[in-house]
(Lines give C-alpha, C1' and ligand atoms only; values in the text may rest on other atoms or scores of the structure.)
Protein backbone atom coordinates (compact mmCIF):
# COMPACT_ATOMS: atom_id res chain seq x y z
CA UNK A 1 0.00 0.00 0.00
CA UNK A 2 1.82 3.10 -1.17
CA UNK A 3 1.64 6.57 0.23
CA UNK A 4 -0.74 7.52 -2.58
CA UNK A 5 -0.34 10.02 -5.37
CA UNK A 6 0.77 13.57 -4.63
CA UNK A 7 -2.12 15.82 -3.61
CA UNK A 8 -2.19 18.94 -5.76
CA UNK A 9 -4.33 22.07 -5.64
CA UNK A 10 -6.85 20.64 -8.11
CA UNK A 11 -7.38 17.68 -5.76
CA UNK A 12 -7.91 20.07 -2.87
CA UNK A 13 -10.46 22.11 -4.81
CA UNK A 14 -12.24 18.95 -5.89
CA UNK A 15 -12.37 17.69 -2.31
CA UNK A 16 -13.91 20.98 -1.24
CA UNK A 17 -16.51 20.74 -4.00
CA UNK A 18 -17.27 17.16 -2.97
CA UNK A 19 -17.69 18.17 0.66
CA UNK A 20 -20.09 20.92 -0.35
CA UNK A 21 -22.09 18.43 -2.44
CA UNK A 22 -21.37 20.18 -5.72
CA UNK A 23 -19.80 17.36 -7.77
CA UNK A 24 -21.59 15.41 -10.47
CA UNK A 25 -21.74 11.61 -10.30
CA UNK A 26 -18.60 10.62 -12.24
CA UNK A 27 -16.43 13.12 -10.34
CA UNK A 28 -18.01 12.11 -7.06
CA UNK A 29 -17.27 8.48 -7.82
CA UNK A 30 -13.64 9.28 -8.57
CA UNK A 31 -13.27 11.11 -5.24
CA UNK A 32 -14.94 8.33 -3.31
CA UNK A 33 -12.95 5.45 -4.81
CA UNK A 34 -9.78 7.39 -4.10
CA UNK A 35 -10.94 7.88 -0.50
CA UNK A 36 -11.19 4.09 -0.26
CA UNK A 37 -7.69 3.46 -1.54
CA UNK A 38 -5.37 6.41 -0.84
CA UNK A 39 -4.62 7.11 2.84
CA UNK A 40 -2.82 10.36 2.04
CA UNK A 41 -5.86 11.59 0.16
CA UNK A 42 -8.00 10.61 3.15
CA UNK A 43 -5.83 12.70 5.43
CA UNK A 44 -6.09 15.64 3.04
CA UNK A 45 -9.86 15.16 3.10
CA UNK A 46 -9.87 15.50 6.91
CA UNK A 47 -7.75 18.64 6.74
CA UNK A 48 -10.12 20.23 4.21
CA UNK A 49 -13.02 19.35 6.53
CA UNK A 50 -11.29 21.22 9.37
CA UNK A 51 -10.51 24.19 7.13
CA UNK A 52 -14.09 24.47 5.89
CA UNK A 53 -15.36 24.24 9.46
CA UNK A 54 -13.00 27.05 10.51
CA UNK A 55 -14.09 29.21 7.58
CA UNK A 56 -17.73 28.67 8.52
CA UNK A 57 -17.12 29.55 12.16
CA UNK A 58 -15.02 32.60 11.21
CA UNK A 59 -17.96 33.87 9.14
CA UNK A 60 -15.93 33.68 5.93
CA UNK A 61 -18.72 31.70 4.27
CA UNK A 62 -21.87 33.77 3.87
CA UNK A 63 -25.23 33.92 2.14
CA UNK A 64 -26.57 31.00 0.13
CA UNK A 65 -23.30 29.10 0.43
CA UNK A 66 -23.61 29.19 4.20
CA UNK A 67 -27.10 27.73 4.07
CA UNK A 68 -25.94 25.10 1.62
CA UNK A 69 -23.15 24.17 3.95
CA UNK A 70 -25.52 23.85 6.90
CA UNK A 71 -27.79 21.53 4.93
CA UNK A 72 -25.09 19.38 3.38
CA UNK A 73 -21.74 19.65 5.14
CA UNK A 74 -23.08 19.78 8.68
CA UNK A 75 -25.86 17.24 8.20
CA UNK A 76 -24.02 14.49 10.12
CA UNK A 77 -23.53 14.67 13.88
CA UNK A 78 -19.80 13.98 13.46
CA UNK A 79 -19.42 17.23 11.52
CA UNK A 80 -21.45 19.25 14.00
CA UNK A 81 -19.15 17.86 16.67
CA UNK A 82 -16.23 19.46 14.83
CA UNK A 83 -17.91 22.83 15.21
CA UNK A 84 -17.29 22.64 18.94
CA UNK A 85 -13.53 22.56 18.53
CA UNK A 86 -13.59 25.25 15.84
CA UNK A 87 -15.76 27.53 17.97
CA UNK A 88 -13.55 26.96 21.02
CA UNK A 89 -10.51 27.94 18.96
CA UNK A 90 -12.36 31.01 17.69
CA UNK A 91 -13.31 31.97 21.23
CA UNK A 92 -9.70 31.58 22.25
CA UNK A 93 -8.69 33.85 19.39
CA UNK A 94 -11.15 36.50 20.52
CA UNK A 95 -10.04 36.35 24.14
CA UNK A 96 -6.49 36.62 22.96
CA UNK A 97 -7.16 39.73 20.97
CA UNK A 98 -9.04 41.06 23.98
CA UNK A 99 -11.52 42.61 21.66
CA UNK A 100 -15.01 42.02 20.42
CA UNK A 101 -15.79 41.68 16.80
CA UNK A 102 -17.72 44.43 15.20
CA UNK A 103 -20.16 43.52 12.48
CA UNK A 104 -20.45 46.33 9.93
CA UNK A 105 -23.73 47.20 8.23
CA UNK A 106 -24.17 46.80 4.47
CA UNK A 107 -23.82 50.55 3.90
CA UNK A 108 -20.65 50.65 5.88
CA UNK A 109 -19.31 47.72 3.89
CA UNK A 110 -19.93 49.68 0.67
CA UNK A 111 -18.25 52.74 2.14
CA UNK A 112 -15.36 50.56 3.20
CA UNK A 113 -15.07 49.16 -0.34
CA UNK A 114 -14.77 52.71 -1.73
CA UNK A 115 -12.13 53.51 0.82
CA UNK A 116 -10.28 50.35 -0.16
CA UNK A 117 -9.98 51.64 -3.73
CA UNK A 118 -8.45 54.87 -2.48
CA UNK A 119 -6.37 52.90 -0.08
CA UNK A 120 -4.64 50.89 -2.80
CA UNK A 121 -2.00 53.52 -3.42
CA UNK A 122 -1.43 53.79 0.27
CA UNK A 123 -1.29 50.00 0.42
CA UNK A 124 1.59 49.83 -2.02
CA UNK A 125 3.57 52.07 0.29
CA UNK A 126 2.40 50.14 3.33
CA UNK A 127 3.51 46.78 1.92
CA UNK A 128 7.00 48.18 1.61
CA UNK A 129 6.98 48.68 5.36
CA UNK A 130 5.35 45.44 6.48
CA UNK A 131 7.77 45.27 9.38
CA UNK A 132 6.08 48.33 10.91
CA UNK A 133 2.82 46.45 10.85
CA UNK A 134 4.35 43.60 12.83
CA UNK A 135 6.03 46.08 15.15
CA UNK A 136 2.70 47.82 15.83
CA UNK A 137 0.82 44.56 16.29
CA UNK A 138 3.55 43.31 18.62
CA UNK A 139 3.49 46.46 20.74
CA UNK A 140 -0.29 46.29 20.91
CA UNK A 141 -0.23 42.65 22.04
CA UNK A 142 2.37 43.52 24.70
CA UNK A 143 0.17 46.34 25.98
CA UNK A 144 -2.84 44.00 26.01
CA UNK A 145 -0.84 41.42 27.97
CA UNK A 146 -0.10 44.09 30.59
CA UNK A 147 -3.67 45.32 30.77
CA UNK A 148 -4.87 43.38 33.83
CA UNK A 149 -1.70 42.62 35.72
CA UNK A 150 2.06 42.86 35.39
CA UNK A 151 4.41 39.96 36.04
CA UNK A 152 7.38 42.08 37.22
CA UNK A 153 7.46 44.70 39.93
CA UNK A 154 9.93 47.07 38.22
CA UNK A 155 8.61 49.32 35.47
CA UNK A 156 9.19 48.37 31.86
CA UNK A 157 9.35 51.53 29.79
CA UNK A 158 6.24 52.97 28.13
CA UNK A 159 3.78 50.45 29.59
CA UNK A 160 0.73 51.64 31.48
CA UNK A 161 0.20 50.71 35.11
CA UNK A 162 -1.41 47.45 36.09
CA UNK A 163 -1.24 45.71 39.48
CA UNK A 164 1.82 43.59 40.14
CA UNK A 165 0.84 39.89 40.13
CA UNK A 166 2.86 38.32 42.90
CA UNK A 167 2.00 34.85 41.60
CA UNK A 168 4.53 33.07 39.47
CA UNK A 169 4.80 30.42 36.76
CA UNK A 170 1.58 28.60 35.91
CA UNK A 171 -0.44 30.92 38.11
CA UNK A 172 0.14 33.90 35.87
CA UNK A 173 -2.98 34.05 33.79
CA UNK A 174 -3.22 32.24 30.47
CA UNK A 175 -4.47 35.28 28.60
CA UNK A 176 -1.34 37.22 29.52
CA UNK A 177 0.91 34.35 28.43
CA UNK A 178 -0.90 34.02 25.14
CA UNK A 179 -0.74 37.73 24.43
CA UNK A 180 2.95 37.79 25.24
CA UNK A 181 3.44 34.90 22.86
CA UNK A 182 1.52 36.77 20.17
CA UNK A 183 3.67 39.85 20.79
CA UNK A 184 6.79 37.70 20.56
CA UNK A 185 5.72 36.27 17.19
CA UNK A 186 5.05 39.68 15.67
CA UNK A 187 8.15 41.32 17.05
CA UNK A 188 10.43 38.42 16.09
CA UNK A 189 9.09 38.86 12.57
CA UNK A 190 9.65 42.62 12.72
CA UNK A 191 13.26 42.04 13.83
CA UNK A 192 13.73 39.49 11.05
CA UNK A 193 12.42 41.78 8.33
CA UNK A 194 14.01 44.97 9.59
CA UNK A 195 16.23 44.72 12.68
CA UNK A 196 15.88 48.31 13.87
CA UNK A 197 16.76 49.53 17.37
CA UNK A 198 13.04 49.91 18.13
CA UNK A 199 12.20 46.36 17.01
CA UNK A 200 15.00 44.86 19.12
CA UNK A 201 13.95 47.01 22.07
CA UNK A 202 10.28 45.98 21.90
CA UNK A 203 11.13 42.29 21.49
CA UNK A 204 13.43 42.61 24.51
CA UNK A 205 10.53 44.04 26.53
CA UNK A 206 8.40 41.01 25.65
CA UNK A 207 11.17 38.62 26.71
CA UNK A 208 11.49 40.61 29.92
CA UNK A 209 7.77 40.21 30.66
CA UNK A 210 8.07 36.49 29.86
CA UNK A 211 10.90 36.14 32.38
CA UNK A 212 13.44 35.30 29.65
CA UNK A 213 16.02 37.71 30.97
CA UNK A 214 19.05 36.56 28.97
CA UNK A 215 17.15 36.75 25.69
CA UNK A 216 15.84 40.17 26.74
CA UNK A 217 19.34 41.43 27.40
CA UNK A 218 20.57 40.22 24.02
CA UNK A 219 17.84 42.26 22.34
CA UNK A 220 18.58 45.35 24.44
CA UNK A 221 22.29 45.05 23.60
CA UNK A 222 21.44 44.89 19.89
CA UNK A 223 19.15 47.87 20.24
CA UNK A 224 21.81 49.90 22.06
CA UNK A 225 24.35 49.12 19.33
CA UNK A 226 22.08 50.87 16.85
CA UNK A 227 20.92 53.59 19.22
CA UNK A 228 23.38 54.02 22.12
CA UNK A 229 21.57 57.00 23.63
CA UNK A 230 18.18 55.53 24.32
CA UNK A 231 17.30 56.04 27.98
CA UNK A 232 14.34 53.64 27.87
CA UNK A 233 16.47 50.75 26.60
CA UNK A 234 18.97 51.32 29.43
CA UNK A 235 16.08 51.34 31.86
CA UNK A 236 14.73 48.06 30.52
CA UNK A 237 18.14 46.40 30.51
CA UNK A 238 18.47 47.57 34.11
CA UNK A 239 15.22 45.74 34.88
CA UNK A 240 16.68 42.56 33.36
CA UNK A 241 19.79 42.86 35.57
CA UNK A 242 17.61 43.57 38.59
CA UNK A 243 15.54 40.44 37.96
CA UNK A 244 18.73 38.42 37.55
CA UNK A 245 19.91 39.72 40.93
CA UNK A 246 22.88 41.72 39.59
CA UNK A 247 22.03 44.93 41.41
CA UNK A 248 25.30 46.74 40.60
CA UNK A 249 24.83 46.41 36.84
CA UNK A 250 21.18 47.21 37.26
CA UNK A 251 22.05 50.43 39.09
CA UNK A 252 24.57 51.35 36.39
CA UNK A 253 21.87 51.06 33.73
CA UNK A 254 19.28 53.06 35.71
CA UNK A 255 21.87 55.77 36.33
CA UNK A 256 22.77 55.84 32.65
CA UNK A 257 19.09 56.10 31.74
CA UNK A 258 18.60 59.04 34.12
CA UNK A 259 21.79 60.67 32.87
CA UNK A 260 20.42 60.60 29.31
CA UNK A 261 16.89 61.56 30.33
CA UNK A 262 16.52 62.88 33.85
CA UNK A 263 12.71 62.97 33.45
CA UNK A 264 12.40 59.23 32.85
CA UNK A 265 10.18 58.31 35.78
CA UNK A 266 10.40 54.58 35.09
CA UNK A 267 14.14 54.65 35.72
CA UNK A 268 13.73 56.61 38.96
CA UNK A 269 11.07 54.19 40.21
CA UNK A 270 13.26 51.23 39.31
CA UNK A 271 16.36 52.75 40.88
CA UNK A 272 14.46 53.12 44.16
CA UNK A 273 13.57 49.42 43.96
CA UNK A 274 17.19 48.61 43.20
CA UNK A 275 18.39 50.52 46.26
CA UNK A 276 15.93 48.56 48.36
CA UNK A 277 17.37 45.32 47.04
CA UNK A 278 20.85 46.59 47.84
CA UNK A 279 19.68 47.32 51.41
CA UNK A 280 20.33 51.06 50.98
CA UNK A 281 17.16 52.42 52.63
CA UNK A 282 18.22 56.07 52.68
CA UNK A 283 19.01 56.15 48.97
CA UNK A 284 15.74 54.34 48.26
CA UNK A 285 13.77 56.81 50.38
CA UNK A 286 15.36 59.75 48.56
CA UNK A 287 14.35 58.29 45.19
CA UNK A 288 10.80 57.47 46.31
CA UNK A 289 10.39 61.02 47.61
CA UNK A 290 11.79 62.46 44.41
CA UNK A 291 9.43 60.21 42.47
CA UNK A 292 6.42 61.49 44.41
CA UNK A 293 7.43 65.07 43.73
CA UNK A 294 7.22 64.35 40.00
CA UNK A 295 4.20 62.08 40.08
CA UNK A 296 1.88 62.40 43.04
CA UNK A 297 -1.36 60.95 41.75
CA UNK A 298 -0.85 57.94 39.45
CA UNK A 299 -1.19 54.30 40.55
CA UNK A 300 2.62 54.15 40.36
CA UNK A 301 2.71 56.91 42.97
CA UNK A 302 0.45 54.81 45.19
CA UNK A 303 2.99 51.98 44.96
CA UNK A 304 5.83 54.40 45.72
CA UNK A 305 3.95 55.52 48.87
CA UNK A 306 3.48 51.91 49.92
CA UNK A 307 7.22 51.35 49.66
CA UNK A 308 7.87 54.43 51.77
CA UNK A 309 5.35 53.37 54.40
CA UNK A 310 6.85 49.85 54.64
CA UNK A 311 10.23 51.19 55.59
CA UNK B 1 -19.17 -32.50 19.62
CA UNK B 2 -21.46 -29.87 18.13
CA UNK B 3 -20.61 -26.16 18.43
CA UNK B 4 -23.23 -23.87 19.97
CA UNK B 5 -24.92 -21.72 17.33
CA UNK B 6 -23.24 -18.44 18.48
CA UNK B 7 -19.75 -19.94 18.20
CA UNK B 8 -20.47 -21.23 14.69
CA UNK B 9 -21.40 -17.70 13.65
CA UNK B 10 -18.16 -16.35 15.12
CA UNK B 11 -16.11 -19.03 13.35
CA UNK B 12 -17.87 -18.28 10.08
CA UNK B 13 -17.31 -14.55 10.53
CA UNK B 14 -13.62 -15.11 11.24
CA UNK B 15 -13.32 -17.28 8.14
CA UNK B 16 -15.14 -14.73 6.02
CA UNK B 17 -12.95 -11.95 7.36
CA UNK B 18 -9.84 -13.96 6.54
CA UNK B 19 -11.13 -14.54 2.97
CA UNK B 20 -11.87 -10.84 2.66
CA UNK B 21 -8.32 -9.97 3.66
CA UNK B 22 -6.90 -12.52 1.21
CA UNK B 23 -9.08 -11.03 -1.51
CA UNK B 24 -7.71 -7.57 -0.76
CA UNK B 25 -4.09 -8.72 -0.90
CA UNK B 26 -2.23 -12.03 -0.51
CA UNK B 27 0.18 -10.28 1.87
CA UNK B 28 -1.57 -10.23 5.24
CA UNK B 29 0.04 -6.99 6.42
CA UNK B 30 -0.79 -5.07 3.24
CA UNK B 31 -4.32 -6.52 3.29
CA UNK B 32 -4.79 -5.23 6.85
CA UNK B 33 -3.68 -1.76 5.80
CA UNK B 34 -6.01 -1.82 2.78
CA UNK B 35 -8.89 -2.90 5.02
CA UNK B 36 -8.28 0.02 7.38
CA UNK B 37 -8.15 2.53 4.52
CA UNK B 38 -11.39 1.14 3.07
CA UNK B 39 -13.23 1.26 6.40
CA UNK B 40 -12.04 4.80 7.21
CA UNK B 41 -12.88 5.87 3.64
CA UNK B 42 -16.38 4.44 3.96
CA UNK B 43 -16.94 6.36 7.19
CA UNK B 44 -15.76 9.58 5.49
CA UNK B 45 -18.16 8.97 2.60
CA UNK B 46 -21.17 8.24 4.84
CA UNK B 47 -20.48 11.29 7.03
CA UNK B 48 -20.24 13.39 3.88
CA UNK B 49 -23.62 12.10 2.82
CA UNK B 50 -25.07 13.32 6.10
CA UNK B 51 -25.36 10.04 7.99
CA UNK B 52 -24.79 10.20 11.72
CA UNK B 53 -24.48 6.39 11.97
CA UNK B 54 -21.57 6.33 9.52
CA UNK B 55 -19.56 3.69 11.41
CA UNK B 56 -22.49 1.25 11.48
CA UNK B 57 -23.11 1.79 7.79
CA UNK B 58 -19.42 1.20 7.00
CA UNK B 59 -19.63 -2.12 8.87
CA UNK B 60 -22.81 -2.99 6.99
CA UNK B 61 -20.95 -2.51 3.69
CA UNK B 62 -18.08 -4.72 4.86
CA UNK B 63 -20.46 -7.44 6.10
CA UNK B 64 -22.36 -7.38 2.82
CA UNK B 65 -19.13 -7.72 0.82
CA UNK B 66 -18.00 -10.59 3.09
CA UNK B 67 -21.29 -12.41 2.52
CA UNK B 68 -21.13 -12.09 -1.25
CA UNK B 69 -17.46 -12.85 -1.52
CA UNK B 70 -17.81 -16.65 -2.04
CA UNK B 71 -19.99 -15.96 -5.11
CA UNK B 72 -17.91 -13.19 -6.67
CA UNK B 73 -14.29 -13.77 -5.81
CA UNK B 74 -13.58 -16.02 -8.81
CA UNK B 75 -15.48 -13.98 -11.35
CA UNK B 76 -15.06 -10.37 -10.23
CA UNK B 77 -12.55 -8.47 -12.32
CA UNK B 78 -10.98 -5.23 -11.13
CA UNK B 79 -9.98 -3.43 -7.98
CA UNK B 80 -11.95 -4.70 -4.93
CA UNK B 81 -12.25 -1.04 -3.86
CA UNK B 82 -14.71 -0.48 -6.72
CA UNK B 83 -16.89 -3.30 -5.43
CA UNK B 84 -16.93 -1.80 -1.93
CA UNK B 85 -17.85 1.53 -3.48
CA UNK B 86 -20.72 0.00 -5.42
CA UNK B 87 -22.13 -1.62 -2.26
CA UNK B 88 -21.73 1.66 -0.38
CA UNK B 89 -23.68 3.48 -3.10
CA UNK B 90 -26.51 0.91 -2.81
CA UNK B 91 -26.63 1.32 0.95
CA UNK B 92 -26.75 5.10 0.59
CA UNK B 93 -29.74 4.79 -1.76
CA UNK B 94 -31.53 2.27 0.49
CA UNK B 95 -30.91 4.30 3.63
CA UNK B 96 -31.95 7.59 2.05
CA UNK B 97 -35.32 6.04 1.16
CA UNK B 98 -36.11 5.21 4.79
CA UNK B 99 -34.06 7.91 6.43
CA UNK B 100 -35.62 10.10 9.09
CA UNK B 101 -35.58 13.78 8.38
CA UNK B 102 -32.90 15.39 10.51
CA UNK B 103 -34.38 17.83 12.98
CA UNK B 104 -31.18 18.95 14.60
CA UNK B 105 -29.95 22.27 13.29
CA UNK B 106 -26.46 23.62 13.12
CA UNK B 107 -25.74 25.54 16.31
CA UNK B 108 -25.67 29.28 15.71
CA UNK B 109 -22.61 31.34 16.44
CA UNK B 110 -22.81 34.84 17.76
CA UNK B 111 -20.14 37.21 16.56
CA UNK B 112 -19.60 38.46 20.08
CA UNK B 113 -18.63 36.06 22.78
CA UNK B 114 -20.00 37.15 26.12
CA UNK B 115 -18.51 34.59 28.45
CA UNK B 116 -16.55 31.34 28.42
CA UNK B 117 -18.39 28.45 26.82
CA UNK B 118 -17.96 24.87 28.00
CA UNK B 119 -16.09 24.15 24.76
CA UNK B 120 -13.64 26.95 25.51
CA UNK B 121 -13.11 25.79 29.10
CA UNK B 122 -12.46 22.28 27.80
CA UNK B 123 -10.05 23.61 25.17
CA UNK B 124 -8.05 25.41 27.85
CA UNK B 125 -7.98 22.25 29.98
CA UNK B 126 -6.97 20.05 27.05
CA UNK B 127 -4.23 22.44 25.94
CA UNK B 128 -2.57 21.87 29.29
CA UNK B 129 -2.01 18.23 28.34
CA UNK B 130 0.04 19.24 25.33
CA UNK B 131 3.76 19.94 25.46
CA UNK B 132 4.58 23.67 25.26
CA UNK B 133 5.79 23.64 21.65
CA UNK B 134 2.77 21.65 20.48
CA UNK B 135 0.42 23.96 22.35
CA UNK B 136 2.06 26.98 20.78
CA UNK B 137 1.96 25.40 17.34
CA UNK B 138 -1.76 24.68 17.42
CA UNK B 139 -2.65 28.11 18.85
CA UNK B 140 -0.34 30.01 16.52
CA UNK B 141 -1.72 28.04 13.59
CA UNK B 142 -5.27 29.10 14.36
CA UNK B 143 -4.62 32.65 15.46
CA UNK B 144 -5.71 34.44 12.28
CA UNK B 145 -8.42 34.22 9.65
CA UNK B 146 -8.36 35.03 5.95
CA UNK B 147 -5.23 36.47 4.35
CA UNK B 148 -3.41 36.94 7.64
CA UNK B 149 -3.82 33.21 8.24
CA UNK B 150 -2.04 32.34 5.00
CA UNK B 151 0.79 34.69 5.85
CA UNK B 152 1.04 33.36 9.39
CA UNK B 153 1.27 29.75 8.17
CA UNK B 154 4.03 30.74 5.76
CA UNK B 155 6.02 32.38 8.61
CA UNK B 156 5.49 29.40 10.89
CA UNK B 157 6.63 26.89 8.26
CA UNK B 158 9.69 29.03 7.59
CA UNK B 159 10.54 29.23 11.29
CA UNK B 160 10.16 25.50 11.77
CA UNK B 161 12.09 24.75 8.58
CA UNK B 162 9.31 22.60 7.12
CA UNK B 163 6.96 22.92 4.17
CA UNK B 164 3.54 24.51 4.60
CA UNK B 165 2.02 21.13 3.73
CA UNK B 166 3.95 19.44 6.53
CA UNK B 167 2.84 22.19 8.92
CA UNK B 168 -0.79 21.63 7.88
CA UNK B 169 -0.38 17.93 8.63
CA UNK B 170 1.16 18.58 12.05
CA UNK B 171 -1.55 21.05 12.98
CA UNK B 172 -4.19 18.59 11.81
CA UNK B 173 -2.84 15.77 13.98
CA UNK B 174 -2.66 18.01 17.02
CA UNK B 175 -6.18 19.21 16.37
CA UNK B 176 -7.31 15.59 16.18
CA UNK B 177 -5.93 14.91 19.67
CA UNK B 178 -7.50 18.12 20.97
CA UNK B 179 -10.82 17.19 19.43
CA UNK B 180 -10.79 13.83 21.18
CA UNK B 181 -9.85 15.41 24.51
CA UNK B 182 -12.52 18.15 24.19
CA UNK B 183 -15.16 15.54 23.37
CA UNK B 184 -14.25 13.53 26.48
CA UNK B 185 -14.14 16.70 28.59
CA UNK B 186 -17.60 17.79 27.40
CA UNK B 187 -18.99 14.31 28.03
CA UNK B 188 -17.52 14.49 31.53
CA UNK B 189 -19.19 17.85 32.10
CA UNK B 190 -22.54 16.53 30.88
CA UNK B 191 -22.16 13.51 33.19
CA UNK B 192 -21.43 15.73 36.18
CA UNK B 193 -24.47 17.89 35.44
CA UNK B 194 -26.68 14.79 35.37
CA UNK B 195 -25.32 13.67 38.76
CA UNK B 196 -26.06 17.10 40.25
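A compact table of results
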| item | result |
| --- | --- |
| Where residue A:160 falls short, out of the listed (1) modelled with pLDDT of 85 or more; (2) surrounded by fewer than 15 Cβ atoms within 10 Å (Cβ to Cβ); (3) within 23 Å of residue A:94 (Cβ to Cβ) | (1) |
| First in the range B:124-138 and free of Cβ contacts under 8 Å to residues at least 12 places away in the same chain, second anywhere and part of a helix (DSSP H, G or I), Cβ under 6 Å, 6 or more apart | B:135/B:127 |
| Within the range B:139-173, tally of residues that are within 10 Å of chain A (Cβ to nearest Cβ) and not in a helix (DSSP H, G or I) | 4 |
| Qualifying residue in the range A:109-124 (condition: closer than 25 Å to residue B:186 by Cβ and at pLDDT below 85) | no |
| Residue among B:191, B:176 that is part of a helix (DSSP H, G or I) and surrounded by fewer than 12 Cβ atoms within 10 Å (Cβ to Cβ) | B:191 |
| Residue B:118 being at the interface with chain A (Cβ under 10 Å from one of its Cβ atoms), surrounded by 10 or more Cβ atoms within 10 Å (Cβ to Cβ), at pLDDT 80 or above and more than 30 Å from residue B:14 (Cα to Cα) | yes |
| Hits in the range B:13-52 - residues which are more than 9 Å from chain A (Cβ to nearest Cβ) and not in a helix (DSSP H, G or I) | B:26, B:27 |
| From A:11, A:38, A:27, residue being modelled with pLDDT of 85 or more and at the interface with another protein chain (Cβ under 10 Å from one of its Cβ atoms) | A:38 |
| Wholly enclosed helices (runs of 4 or more DSSP H) of the range A:151-259 bearing at least 3 residues without any contact (Cβ under 8 Å) to a residue 24 or more places away in the chain and more than 14 Å from chain B (Cβ to nearest Cβ) | A:213-226 |
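Residue-by-condition table, conditions (1) at the interface with chain B (Cβ under 9 Å from one of its Cβ atoms); (2) modelled with pLDDT of 75 or more; (3) closer than 30 Å to residue A:140 by Cα; (4) surrounded by 12 or more Cβ atoms within 10 Å (Cβ to Cβ):
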{"site": "A:3", "(1), (2), (3), (4)": "no, no, no, no"}
{"site": "A:34", "(1), (2), (3), (4)": "yes, yes, no, yes"}
{"site": "A:43", "(1), (2), (3), (4)": "yes, yes, no, yes"}
{"site": "A:49", "(1), (2), (3), (4)": "yes, yes, no, yes"}
{"site": "A:64", "(1), (2), (3), (4)": "no, yes, no, no"}
{"site": "A:74", "(1), (2), (3), (4)": "yes, yes, no, yes"}
{"site": "A:79", "(1), (2), (3), (4)": "yes, yes, no, yes"}
{"site": "A:85", "(1), (2), (3), (4)": "yes, yes, yes, yes"}
{"site": "A:90", "(1), (2), (3), (4)": "yes, yes, yes, yes"}
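The values are calculated or read from the model by the stated rules, or taken from the named source; none is laboratory data. All values reported here derive from a predicted model rather than from experimental measurement. Every residue, glycine as well, gets a Cβ built from its backbone with ideal geometry; the counts of neighbours run over all protein chains shown.
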